[in-house]
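Chemist: Sharing a structure below in structure tokens format, with a few things to ask.
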Amino acid sequence: MSPKVKTFIERGISTIILLGLLGGAVCWNNAIGYAILVCVLCNLTSYEWFNMLRERGKESNRGLALVVGLVYPWLMAAGMLMLNSEEHIAIIGGEDGPTSLFLASTFDFNSVALSALVLFVLATFFCELYRMDYKGSTGAQALSSAGITILSFVYPVWLFAFALSTLCDPSAVYNLLWLVLATKMSDIWAYVSGVLLGGRFIKRKFSPAVSPKKTWEGIIGSFIITSVCSWYLLPITGFCFEQTPLIFFCVVMPAIFMLSVTGDLAGSLIKRGVAIKDSGSLLPGIGGIFDLIDSPAFTVSFFAAAMPILCL
């Protein structure tokens, strides 16, 4: 078996594992199981970042990023699950005596997520100011540490945790399953198209500095195949798409594909920055959990944030 075929099989198996876990949680039709899956993926990724930065000796407040990364998704999941709960009852007095009323929850995922990010940024700079005054850090070290610390929380945890925003909407969970499937297909088909056609028509690489193996033929071929496959997978995954095929192929899929490729390249950029090939060794052919969710983190968070605007 050639190394390229072996790599393709390993990537396919690892991707199937991710989709199997997500699909199993959806088919289980239990919000708690789905929430646990997302939180565990966030926690494993946060731990991988902690190890990546420790091994390479990068200046950062790894402890702060790890603690917040471990706690944040569970708090967000708890908030969304409470939103579904029917246990919030208030007893008020009236002319006819005490009356029970179901209270509308005030938990808003996007608002809480934004607040958490603001607090984390403030805490990060507070820690860096302390390290400059009392630990002897230079301004350049503090600035670099602040940037890496914030990124250590935002990319692996904060972005992907937007998958929890669908907990209160069963149909949205199926939409998320389709979105993750489309995102991961773009990576697999780019690899296949690149192996079969890479360099035959366009000599210049797609991303020569960040990902030298990516070719224009691979990107173009992946976009075409992923778009067609994703369209036929819409009814299978239960995705509720009411727009015309023209909107799908000219607006939706280009956006998903662009975000998928950007997320994959962003993950490669980070790994080059810390001089490692894979974020971990948990998944054969891919590496760690971060290597698996780097592109879904971009697509999931973007569409979670964009849906309220698109639905206006």
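Chemist: On a 1.4 Å probe surface of the protein chains, which of PHE302, PHE153 comes out largest in accessible area, and what is the full order?
Modeler: Largest accessible area first, the residues go PHE302, PHE153.
Chemist: With every atom except the alpha carbons ignored, what do you get for Rg and Dmax of the range 165-305, in angstroms?
Modeler: 15.6, 48
Chemist: Further, regarding this structure: Would you tell me the accessible area of VAL173, worked out with a 1.4 angstrom probe on the heavy atoms of the protein chains, in Å² to the nearest 10?
Modeler: Around 20 Å² of this residue is reachable by solvent.
Chemist: Additional query: Per the 1.4 Å probe, what fraction of the accessible area of the range 104-150, in percent, lies on carbon and sulfur atoms?
Modeler: 69
Chemist: Simple spin-label model, 7 Å along Cα-to-Cβ: LYS203 to ARG272 in nm?
Modeler: So the label points at LYS203 and ARG272 sit 2.2 nm apart.
Chemist: Between PHE126 and PHE249, how high is the FRET efficiency from 1/(1 + (r/R0)^6) when r is the Cβ-Cβ distance and R₀ = 35 Å? Nearest 0.05.
Modeler: 0.15
Chemist: Rolling a 1.4 angstrom probe over the protein heavy atoms, how many square angstrom per residue are accessible across the range 111-270?
Modeler: Using a 1.4 Å probe on heavy atoms only, each residue of the range 111-270 averages 50 Å².
Chemist: If you don't mind, another one. Would you calculate the volume per residue, in Å³, of the smallest convex hull containing every Cα atom of the range 130-225?
Modeler: 124
Chemist: Order of 222-231, 137-146 by packing, highest average Cβ count within 10 Å first?
Modeler: Output ranking for 222-231, 137-146: 222-231, 137-146.
The values are calculated or read from the model by the stated rules, or taken from the named source; none is laboratory data. Computed from a prediction, not measured in an experiment: that's the story for all the values here. Cβ coordinates were reconstructed from backbone atoms using ideal geometry, including for glycine residues, and neighbour counts include every protein chain displayed. Side chains included, ligands, DNA and RNA excluded: accessible areas come from the protein's heavy atoms. Shrake-Rupley method; radii C 1.70, N 1.55, O 1.52, S 1.80 Å.
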